[in-house]
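J.: One structure, as structure tokens, below. Some questions next.
Just so you know, all these numbers are worked out from the coordinates, no wet-lab data involved. Remember, predicted model here, so these are calculated numbers, not experimental data. With ideal geometry, Cβ positions are generated from the backbone for all residues, glycine too; neighbour counts draw on all protein chains shown.
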Amino acid sequence: MKKKRKDHMAINDPSLVQYLHELGIEPIAKRPGEIDYRSPFNDDPSAIMTVYQDSNSFEDIGSGLKGSLCDFACHLFGCSPEELCGDIARLRLYAVGKHAAALG
């Protein structure tokens, strides 16, 4: 199991805050090292998800979900880490943004 988490470490390298911005999810409050968002996992408009910048992780109190960028994406899209990585490779999602010029 430990090896599996290590295999998925690279997918967690990008900033979760930047990833949320690219998804069109914008912050509603900021504190040093913490940024709050409306929870994408709960229809209640007062539900909050917090991103901890130091650990690049999230916690959604209302739903009980927490974890890394990979965990966030898996919960949001309803897939496993293996499916998420497969989609990234299959759809060449790694070839966007600043890395696209190097690949194309």
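J.: Which distance in nm do the two modelled labels at I28 and D13 give, with both placed 7 Å along the Cα-to-Cβ direction?
T.: Calculated label separation equals 3.4 nm.
J.: Taking K and R as +1 and D and E as -1, what net charge do the other residues with C-beta under 13 Å from the C-beta of F41 add up to?
T.: My count for the surroundings of F41 gives -3.
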